[in-house]
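Heads up, the thing below is written out as structure tokens.
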Amino acid sequence: MNRRALLLLAILSPLLTACGRSTPQTERLAADAVILAFGDSLTFGTGAQAHESYPATLEKLIGRKVDNRGVPGEVTATGLARLPGILDEVQPRLLILCHGGNDLLRKLDESQAAENLRAMIRMAKARGIAVALVGVPKPGFFPTPPDFYEKLAREFNLPYEGKTLSSILSDNALRSDLVHPNAMGYARFAEALATLLKASGAY
């Protein structure tokens with residue numbers, strides 16, 4: 001192999017590896033399994049009617065009950081304290097964790113937010129609950145999730161959705177304000193999560 005071919009291989013190998021990376025797999029959910037949608041106003045559905053929230057739409061798309069436990073304004077420290085009781089009550093088989101937006105809005109310590117999310121993930125997995133993680137965009141001209149979301153997904157080998165919310169919140173037609181989708185935006189988000197869960201083998 002000549003020098004030019006070796007150089008080309010060195011450039012293309014990481015790209016080919018990334019393209020071939022599959023979605024981490026989860027246990028297939030029984031028809032009566034409950035999914036817990038846990039988070040803040042993005043989960044609650046602020047900016048749309050209750051039946052237009054992403055959990056309500058996702059439930060229709062995948063044919064599994066999705067319990068909406070979003071609390072507007074909540075930060076990850078409060079979410080971490082709230083989660084054990086919710087897990088005991090709901091007894092989910094899958095947790096969709098979409099949290100951290102208020103930490104970012106309030107400019108709280110991102111390393112602490114990441115640690116709080118890590119503790120939530122560990123708590124769920126210790127109970128045998130599968131986890132799918134959502135990267136919440138940091139407000140800005142080009143809203144994108146901080147790196148710690150993807151790092152957590154890799155650390156725990158979780159199905160991860162880190163692009164759709166950024167796309168929605170960059171489109172005036174899909175958002176109700178700078179940090180919340182509208183009904184169309186939540187529908188788009190639910191579709192992306194349904195695709196992720198399908199790829200993970202959850203249904």
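The values are calculated or read from the model by the stated rules, or taken from the named source; none is laboratory data. Keep in mind that this is a model prediction, so the values were computed, not measured. We place every Cβ from the backbone using ideal geometry, glycine too, and count neighbours over all the protein chains shown.
Within region 138-153, can you find the residues that are touching a Phe, Trp or Tyr at 6+ places or on another chain (Cβ under 8 Å) and surrounded by fewer than 20 Cβ atoms within 10 Å (Cβ to Cβ)?
Scanning region 138-153 gives a single hit, E150.
Could you tell me whether any residue of region 148-161 is touching an Asp or Glu at 6+ places or on another chain (Cβ under 8 Å), assigned to a strand (DSSP E or B) and in contact (Cβ under 8 Å) with a residue 12 or more places away in the chain?
Taking region 148-161 first, the residues touching an Asp or Glu at 6+ places or on another chain (Cβ under 8 Å) are 148, 160.
Of the ones still in play, those that are also assigned to a strand (DSSP E or B) are 160.
Right, trim to in contact (Cβ under 8 Å) with a residue 12 or more places away in the chain and you get 160.
Looking for residues that are touching an Asp or Glu at 6+ places or on another chain (Cβ under 8 Å), assigned to a strand (DSSP E or B) and in contact (Cβ under 8 Å) with a residue 12 or more places away in the chain, one finds at least one in region 148-161, hence yes.
Check whether at least one residue in region 121-137 is more than 19 Å from L36 (Cα to Cα), surrounded by fewer than 18 Cβ atoms within 10 Å (Cβ to Cβ) and not aromatic (F, W, Y), and report yes or no.
Let us first name the residues in region 121-137 that are more than 19 Å from L36 (Cα to Cα), namely 137.
Now narrow it down to the ones that are surrounded by fewer than 18 Cβ atoms within 10 Å (Cβ to Cβ): none.
No: zero hits.
For a quick check of your reading of the model, give me the residue pairs whose first member lies in region 23-35 and is more than 22 Å from E155 (Cα to Cα), whose second is exposed (fewer than 11 other Cβ atoms within 10 Å of the Cβ), with beta-carbon atoms closer than 8 Å and at least 6 apart or on different chains.
Taking only residues 6 or more apart or on different chains, the pairs are A31/G63.
Given G140, G162, G128, which one is of a type in the set (G, A, S), over 21 Å from K65 (Cβ atoms) and out of contact with any helix residue (DSSP H, G or I) (no Cβ under 8 Å at 6 or more places or on another chain)?
G140
All but one of (1) over 15 Å from I35 (Cα atoms); (2) in a loop (DSSP other than H, G, I, E, B); (3) touching a residue at least 40 places away in the same chain (Cβ under 8 Å); (4) not aliphatic (A, V, I, L, M) hold for Y186; which doesn't?
(2)
I need every pair where a residue in region 66-84 that is free of Cβ contacts under 8 Å to residues at least 60 places away in the same chain and within 17 Å of R118 (Cβ to Cβ) has its Cβ under 6 Å from the Cβ of a residue that is among the small types (G, A, S) and surrounded by fewer than 19 Cβ atoms within 10 Å (Cβ to Cβ), sequence separation at least 6 or different chains.
L80/A119
What's the number of the condition S167 fails, among (1) part of a loop (DSSP other than H, G, I, E, B); (2) polar (S, T, N, Q); (3) under 15 Å from the mean Cα position of the chain (by Cα)?
S167 satisfies all of (1) part of a loop (DSSP other than H, G, I, E, B); (2) polar (S, T, N, Q); (3) under 15 Å from the mean Cα position of the chain (by Cα) except (1).
Scanning region 1-50 for residues that are among the acidic types (D, E) and surrounded by 12 or more Cβ atoms within 10 Å (Cβ to Cβ), which turns out modelled with the highest pLDDT?
Taking the candidates together, the pick is D40.
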